[in-house]
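Peer 1: To start, I am sharing the structure in question, which I have written as structure tokens.
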Amino acid sequence: MDAEAMKLLGAGLAIGLGGIGPGIGIGILGAGAMNALGRNPEARGPIMMNMIIAIALAEAVAIYAFIVAILLAMVV
Amino acid sequence: MKLGCSTRLLLIIGVPLVVLTIGGLVIGGVVSAIMGREPFAGAPRPEVPPEVIAHLGAIPITNTMITAWLTTIVLVVLFWIATRRMKLVPRGLQNLMEWAVEMLLNFVEGVVGKEKGRRLFPVIATIFLFVFVNAWMGLIPGYSSIVLKETHAGETVLVPLLRPANTDLNVTLALALVSFVFVEYLGIRYQGFFRYVRKFVNLGPLLNGLRQLFTGKLRAGLGGLMMGAIEAFVGFIEALSELVRIVSFTFRLFGNMTAGEILPLLMFFLAPFVVPVFFYSFEMLVGLVQALIFGGLTLAFAAVATTESEHH
């Protein structure tokens, strides 16, 4: 395999593997929020707000992976 | 079935949308590559370091710096216009600004309480507004289309004059440092220097254990030594997590904003019509949420630093 192929493979693996963790995390967060919503439908506003913040924190990890992938594929 | 509009209207809007989406996919990057054609739009060429526009003496002026200044100017002018002729019953811009400030104040006071909230509010609100206005200004259509022609090694390249400041690692690092210093200052201010530092450098129990060991109380000394080592290690971890915050603050904002810059362009390359609109609106949400996270996390850390740790 030449360097170019390795680079593209690395980029694909970076975002692919990097997406697993945040995906699971956001899934768990969404499930937790739905649970909370089912138990206490009146608390919709705060639950939504906290869920979005927590999701953005989990998603940041995927963003790191995305940046690494972009760097590998296009800049390096 | 109820659609909320007539079937005819749905067809008039829906069919062109579907056609545009499919047509966009056909002339987009992937299909073009398979068919061996030139795609409708070129693939984005991301530039990670900001481009230098001019020099002020020995200091290089980058396009992200210009945007940071522009953001500050926009904020100042906006608030100046809004508060120029203040009315008791606000209307228009004043109303909007009061609403925004009130939302932020309620958010801050909701976390740390009324009295502390007033003191923390200015810094948190400034961070929030800077990040937020910066992100949304970068989404204005045509924002990064203002370009300068520059010649690098015989080649003419287009350098955007404006580029969202938070796509520059230096700006996000500066913000993270502001947030870090702010939190540490508050910790020292509210708890006193020695009490606050003891959270990180906790050698008291360890020295105590050593003293007991040397004065002959072997069992108590060994136990104290053990506990002291654990306490010192916990303090070390605490200090480390404090420092790691700078890095995570920096890269979270930088990553999100840089991805926000690249992602719509990438979608434009893959499917030029309809699809990028969703990503555009997604980036609006990201700008708001990232501003909220930067401000909110600073607030949360400040809340932890200002409340005294219970077991000392």
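Peer 1: So how strong a dipole does chain B carry about its Cα centre when Lys and Arg Cβ are +1 and Asp and Glu Cβ are -1, to the nearest 20 debye?
Peer 2: Its charge dipole is roughly 860 debye.
Peer 1: Taking trypsin sites (Lys or Arg not before Pro) that fall in a DSSP loop and have at most 15 other Cβ atoms within 10 Å as cut points, what is the longest piece of chain B between them?
Peer 2: It works out to B:92-216.
Peer 1: With +1 assigned to the C-beta of every Lys and Arg and -1 to the C-beta of every Asp and Glu, and no other charges, what is the dipole magnitude of the stretch B:1-153 about the Cα centre in debye, to the nearest 20?
Peer 2: For this selection, approximately 620 debye.
Peer 1: Could you run the Karplus curve 6.51 cos²θ - 1.76 cosθ + 1.60 with θ = phi - 60° over the stretch A:14-19 and give me ³J(HN,Hα) per residue in whole Hz, x for Gly and Pro?
Peer 2: Each residue of the stretch A:14-19 in turn: 4, 6, x, 6, x, x Hz.
Peer 1: With springs only between Cα atoms under 10 Å, which of B:G36, B:G209, B:G154 fluctuates most in a Gaussian network model of chain B?
Peer 2: B:G154
Peer 1: Separate question: Compute, for the stretch B:104-261, the length of the dipole vector about the Cα centre, with Cβ point charges of +1 (Lys, Arg) and -1 (Asp, Glu) only. Units Debye, rounded to 20.
Peer 2: Using Cβ point charges on Lys, Arg, Asp and Glu, the stretch B:104-261 gives about 900 debye.
Peer 1: Using θ = phi - 60° and the Karplus curve 6.51 cos²θ - 1.76 cosθ + 1.60, what whole-Hz ³J(HN,Hα) does each residue of the stretch B:184-199 get, with Gly and Pro shown as x?
Peer 2: For the stretch B:184-199, the Karplus curve yields 5, 4, 5, x, 5, 5, 8, 10, x, 4, 5, 5, 6, 5, 4, 5 Hz.
Peer 1: Return one number: the angle in degrees, 0 to 90 and rounded to the nearest 10, between the long axis of the Cα atoms of helix B:275-306 and the longest principal axis of the Cα atoms of chain B.
Peer 2: Tilt relative to chain B: about 10 degrees.
Peer 1: If you don't mind, there's one more thing I want to ask. Tell me the relative contact order for the stretch B:186-269 as a rounded percent, counting alpha carbon contacts under 8 Å between residues six or more apart.
Peer 2: 25 percent
Peer 1: Hey, got the average number of other protein chain Cβ atoms within 10 angstrom for residues in A:53-65?
Peer 2: Across A:53-65, the average partner-chain Cβ count within 10 Å equals 5.
Peer 1: Quick query: amide H of B:V147 versus all other amide H atoms, modeled in the peptide plane; which residues come in under 5 Å with a sequence gap of 5 or more or a different chain?
Peer 2: B:L161
Peer 1: Going by a ≥ b ≥ c, the root eigenvalues of the Cα gyration tensor, does the stretch B:11-104 fall in the rounded group (a/c under 1.5), the prolate group (a/b larger than b/c) or the oblate group?
Peer 2: Oblate, since a/c reaches 1.5 and b/c is not below a/b.
Peer 1: Taking one equal scatterer on every alpha-carbon of chain A, how large is log10 of I(q)/I(0) by Debye at q = 0.18, 0.21, 0.27 1/Å?
Peer 2: So the normalised log intensities are -0.71, -0.84, -1.09.
Peer 1: Here's another thing I want to ask about it. State, as an integer percentage, the relative contact order of chain B based on alpha-carbon contacts under 8 Å between residues 6 or more apart.
Peer 2: 25 percent
Peer 1: Just B:I237, B:I59, B:I12 to compare: in a GNM of chain B, with alpha carbon springs under 10 Å, which one fluctuates most?
Peer 2: Ranking B:I237, B:I59, B:I12 by mean-square fluctuation puts B:I12 first.
Peer 1: Would you compute, from DSSP H runs of 4+ residues alone, the mean residue ellipticity of chain A at 222 nm, taking -39500 (n - 2.57) per run and dividing by the full residue count, rounded to the nearest 500?
Peer 2: One gets -30500 deg cm²/dmol as the mean residue ellipticity at 222 nm.
Peer 1: Turning to a different aspect of this structure: Taking θ = phi - 60°, what integer Hz values does the Karplus form 6.51 cos²θ - 1.76 cosθ + 1.60 yield along the stretch B:32-41, in sequence order, with x for Gly and Pro?
Peer 2: 4, 5, 5, 7, x, 9, 7, x, 4, 10
Peer 1: Below 14 Å, Cα to Cα, which aspartates and glutamates can B:K199 reach? Residues fewer than 8 away in the same chain don't count.
Peer 2: Here the aspartates and glutamates satisfying the reach criterion relative to B:K199 are B:E184, B:E231, B:E238, B:E242, B:E308, B:E310.
No value in this document is a laboratory result; all are computed from the given coordinates. Treat the numbers as computed from the prediction; the structure is a model and nothing was measured. Methodologically, a virtual Cβ is constructed for each residue, glycine included, from the backbone with ideal geometry; neighbour enumeration extends over all protein chains shown.
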